[in-house]
Amino acid sequence: MKVLVIGGGAREHALCRSLSQDPAVTELHCAPGNAGIARVATVHPVDQLDGAQVTDLARRLGAALVVVGPEAPLVAGVADAVRAAGIPVFGPSGAAAQLEGSKAFAKDVMAAAGVPTARSYVCTTAAEAAEALDAFGAPYVVKDDGLAAGKGVVVTSDREAALAHAASCERVVIEEYLDGPEVSLFAITDGTTVLPLQPAQDFKRALDGDEGPNTGGMGAYSPLPWAPAGLVEEVLETVLQPTVDELRHRGTEFSGLLYAGLALTSRGTRVIEFNARFGDPETQVVLARLRTPLAGVLLASANGTLDQLEPLRWDDGAAVTVVVASEGYPAAPRTGDPIEGLAEAEADGSAFVLHAGTKAGEDGQVLSAGGRVLSVTATGADLAEARERAYAAVDRISLKGGQHRTDIALKAATA
């Protein structure tokens with residue numbers, strides 16, 4: 001099978017790494033890719049938001065499966081263009097991807113499907129925003145209705161900061177604050193059958209102790225030893241399956257990866273948000289534990305045959321990923337700096353480095369090219385061992401001004 005992955009971040013590197021280890025994959029391509037992905041796949045320049053370009057590339061390569069990684073191409077309808085050309089594609093249509101592209105749309109779907117979520121208001125004016133904030137009180141939760149690369153949400157007790165964020169967005173969803181720990185749960189679906197993966201937890205704040213500004217994610221771990229028994233089954237029954245069924249009933253079938261961001265509140269499990277693609281950095285740890293070859297699972301989603309798959313197989317151990325970010329991230333990330341120690345970080349085989357924002361320099365050196373630069377990932381018999389290995393690998397990497405959190409999975413590993 002020839003597979004083409006669209007995207008160029010650490011999520012796509014994680015996908016490419018898993019696909020490269022699948023015996024069924026005879027050729028692996030990625031567009032546009034990055035310096036790390038180029039080690040496991042042939043990379044191609046492409047405008048990933050241009051459905052015609054992506055489709056033309058898939059045709060030229062003879063791809064038997066196209067995997068669309070990021071949210072922006074999905075919302076732009078790239079999967080529709082590929083699907084219309086008769087090429088199997090993993091990823092929802094542009095209409096179905098509005099589940100992530102519009103938080104107001106997602107709230108409407110959840111209401112119709114009876115999915116438990118936070119009470120909310122959709123606001124388009126300053127007066128509406130002020131009224132909604134006062135209705136719920138602090139802490140205030142203000143979400144940009146559209147795509148914001150994981151950074152469109154402000155949670156604050158500062159009413160003026162909440163109003164300022166609302167004013168900077170065309171339309172916002174303001175909702176009640178949900179207490180309790182957060183969980184990310186991915187599910188692969190073909191529009192009818194829903195196949196949940198293993199849960200993970202990510203760390204959104206830039207600094208240790210969940211301090212500092214919101215980011216795209218500074219690390220993740222899986223499994224969650226503290227999660228209640230039966231959580232996955234509960235979420236499948238009350239969240240994932242009803243959402244997929246509701247979209248199908250609307251004539252907007254969702255095929256691809258449905259990501260539920262959850263809060264385990266004092267009043268029960270609630271949906272914080274939906275995404276229409278694999279999450280970053282949770283994908284890095286979830287795929288590190290998946291033992292079932294990935295290509296066949298993604299193809300079954302594309303072809304509508306998920307109900308014919310054997311149960312997924314998982315590693316009994318744990319995985320931890322630590323994000324190395326550039327100086328100034330998330331406000332003003334510095335780029336173009338050389339990255340040293342990548343080979344040393346992987347030398348003993350206990351960890352691997354997934355590239356997020358990198359590019360190849362003229363002399364072959366790897367340079368930083370984004371805010372989140374690397375996802376350093378390790379597996380182990382338990383979270384403590386995986387965490388130790390991940391941080392040992394991080395310590396071998398050198399990036400001028402580079403920053404990372406030191407407490408990823410710490411509480412879970414020491415509980």
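Among all residues of the stretch 365-379, there is at least one that is touching a Pro at 6+ places or on another chain (Cβ under 7 Å) and open to solvent by 50 Å² or more (accessible area, probe 1.4 Å). Just need a number here: residues in the stretch 27-56 that are touching a residue at least 24 places away in the same chain (Cβ under 8 Å) and farther than 30 Å from residue 346 by Cβ. Residues that pass the stated criteria total 6. The single condition from (1) open to solvent by 10 Å² or more (accessible area, probe 1.4 Å); (2) hydroxyl-bearing (Ser, Thr, Tyr); (3) within 22 Å of the chain's Cα centre (by Cα) that residue 326 fails is (1).
Identification of helices (runs of 4 or more DSSP H) wholly contained in the stretch 6-99 with 3 or more residues that are closer than 25 Å to residue 365 by Cα and either among the hydrophobic types (A, V, I, L, M, F, W, C) or over 21 Å from the mean Cα position of the chain (by Cα) (or both) yields 10-20.
Residue-by-condition table, conditions (1) under 19 Å from the mean Cα position of the chain (by Cα); (2) small (Gly, Ala, Ser); (3) modelled with pLDDT under 95:
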{"site": "317", "(1), (2), (3)": "no, yes, no"}
{"site": "336", "(1), (2), (3)": "no, yes, no"}
{"site": "352", "(1), (2), (3)": "yes, no, no"}
{"site": "361", "(1), (2), (3)": "no, yes, yes"}
{"site": "365", "(1), (2), (3)": "no, no, yes"}
{"site": "409", "(1), (2), (3)": "yes, yes, no"}
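Among the residues here, residue 113 qualifies as within 30 Å of residue 174 (Cα to Cα), modelled with pLDDT of 95 or more and either open to solvent by less than 40 Å² (accessible area, probe 1.4 Å) or of a type in the set (Gly, Ala, Ser) (or both). Residue 348 meets the stated requirement of being free of Cβ contacts under 8 Å to residues at least 24 places away in the same chain and assigned to a loop (DSSP other than H, G, I, E, B).
Assessment of the stretch 255-274 against the conditions (buried (at least 24 other Cβ atoms within 10 Å of the Cβ) and basic (Lys, Arg)) yields no matching residue. When every residue of the stretch 54-72 is checked against the conditions, at least one turns out to be open to solvent by less than 20 Å² (accessible area, probe 1.4 Å), under 20 Å from residue 369 (Cβ atoms) and not hydrophobic (A, V, I, L, M, F, W, C). For the stretch 387-412, a residue qualifies if it is surrounded by fewer than 22 Cβ atoms within 10 Å (Cβ to Cβ) and on the phi > 0 side of the Ramachandran plot, and exactly one does: 401. Just one residue in the set 384, 415 is at pLDDT below 95, under 22 Å from residue 225 (Cα atoms) and open to solvent by 40 Å² or more (accessible area, probe 1.4 Å); that residue is 415. Number of residues in the stretch 116-128 that are hydroxyl-bearing (Ser, Thr, Tyr) and either open to solvent by less than 40 Å² (accessible area, probe 1.4 Å) or in a strand (DSSP E or B) (or both) equals 3. Contact map, the stretch 165-187: first residue free of Cβ contacts under 8 Å to residues at least 40 places away in the same chain and closer than 22 Å to residue 217 by Cα, second residue among the hydrophobic types (A, V, I, L, M, F, W, C) and surrounded by fewer than 17 Cβ atoms within 10 Å (Cβ to Cβ), Cβ cut-off under 7 Å, separation 6 or more or different chains; the map is empty. Could you grab me the full set of residues in the stretch 1-19 that are surrounded by 24 or more Cβ atoms within 10 Å (Cβ to Cβ) and more than 21 Å from residue 323 (Cα to Cα)? Within the stretch 1-19, 3, 4, 5, 6, 19 meet the criteria.
Considering the conditions (1) touching a Leu at 6+ places or on another chain (Cβ under 7 Å); (2) crowded, with 20+ Cβ neighbours inside 10 Å, residue 336 is excluded by exactly one of them, (2). Of everything in the stretch 163-206 that is of a type in the set (Ser, Thr, Tyr) and open to solvent by less than 50 Å² (accessible area, probe 1.4 Å), the residue that is farthest from residue 292 (Cα to Cα) is 184. So for the stretch 90-99 (the condition being open to solvent by less than 40 Å² (accessible area, probe 1.4 Å), among the polar types (S, T, N, Q) and either touching a His at 6+ places or on another chain (Cβ under 9 Å) or more than 29 Å from residue 162 (Cα to Cα) (or both)), does at least one residue qualify? Yes: one or more hits. Scanning the stretch 293-311 for residues being exposed (fewer than 15 other Cβ atoms within 10 Å of the Cβ) and not acidic (Asp, Glu) gives a total of 4.
The values are calculated or read from the model by the stated rules, or taken from the named source; none is laboratory data. What you are looking at is a predicted structure, and each value in this text was computed from that prediction instead of being measured. So basically every Cβ, Gly included, is an ideal-geometry build from the backbone, and we count neighbours across all protein chains shown. Only protein heavy atoms, including side chains, enter the accessible area calculation; ligands, DNA and RNA are left aside. Shrake-Rupley method; radii C 1.70, N 1.55, O 1.52, S 1.80 Å.
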